[in-house]
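This report concerns only the one structure given below.
The values are calculated or read from the model by the stated rules, or taken from the named source; none is laboratory data. Just so it is clear, the model here is predicted, and its values are computed rather than measured. Here the Cβ positions follow ideal geometry from the backbone for every residue, glycine too, while neighbour counts run over all protein chains shown.
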Amino acid sequence: MHHSRMRQFYDEVHDILLEIGASPVDLESKSNTHEINPTEAILTNQSENNKEKRKNDLINAITNRDIEKLERAIEWAIFDGYDVALREEIYEARERMKQEINLERMRESVKNMKQSVISELRSYSKPPKAVRDVMMCVYLLLQVRKEDEIKTWLSIQRLMSLGGRNCLKRLIETFRADDVSCDVTARVKELLGNYDFQHIYEIMEVIEEVEALKGEDIKSATD
């Protein structure tokens, strides 16, 4: 009788579970999922804390614009397996690192720029529009003058003559992108958006080669 009553009880419970859309196995598995494993809870908490640390490292590196910190923060975030969870922060950090690398490359180029190049630019009486627009954008980014003050090549020439021989180089070397407003960057993009600078670079290289050949011809003629 004992076993018969147990079987009847089980059947009744089984019928009730079926009515509510579950089964004894489902009920057991669901109850197990709600059990908190202390070890798992600790590991989950540590993982969340570590993720938050990696996120803060990325944000701080983005704010500080330090190439080494950016690279290290990105590497650690990916190494710890947060390339999906922190994909937005990692993407932003990579973009900022690209910007800083490009800026650093430009600063080095400016440091190595011959003063004769700036002097030659200044000597142009009527340069191509691309040259004028580029120089205007340089001074806009440096926040030396407002656009309406440097619309003519003459006004740009005057600026290039101010502050001594290396004034422009010093300004560019100390340039900080953080100081530039969104309005200025948008205007610079608008002004330079239609130019193919790769084509301009190629033309400049050809001009330099021609000038070098002319220089050799002049030297040969005087020897």
What is the residue count in region 75-92 for residues that are in a helix (DSSP H, G or I) and either surrounded by fewer than 16 Cβ atoms within 10 Å (Cβ to Cβ) or within 12 Å of the chain's Cα centre (by Cα) (or both)? 10
Residues in region 173-194 that are of a type in the set (Val, Ile, Thr), closer than 29 Å to Ser116 by Cβ and either out of contact with any Leu (no Cβ under 7 Å at 6 or more places or on another chain) or loosely packed, with under 10 Cβ neighbours inside 10 Å (or both) total 1
Return a yes/no flag: does region 102-124 have any residue that is within 18 Å of the chain's Cα centre (by Cα), in the same structural domain as Asn50 (by TED's automatic domain parsing), of a type in the set (Asp, Glu) and loosely packed, with under 15 Cβ neighbours inside 10 Å. yes
Matching entry among Val131, Val144 (being surrounded by 13 or more Cβ atoms within 10 Å (Cβ to Cβ), free of Cβ contacts under 8 Å to residues at least 12 places away in the same chain and assigned by TED's automatic domain parsing to the domain that holds Cys182): Val131
Failed item in (1) in the same structural domain as Asn64 (by TED's automatic domain parsing); (2) of a type outside the set (Lys, Arg); (3) buried (at least 16 other Cβ atoms within 10 Å of the Cβ), with Cys137 passing the rest: (1)
Considering (1) surrounded by 14 or more Cβ atoms within 10 Å (Cβ to Cβ); (2) basic (Lys, Arg); (3) assigned to a loop (DSSP other than H, G, I, E, B), say which one Lys69 fails and leave the rest. (3)
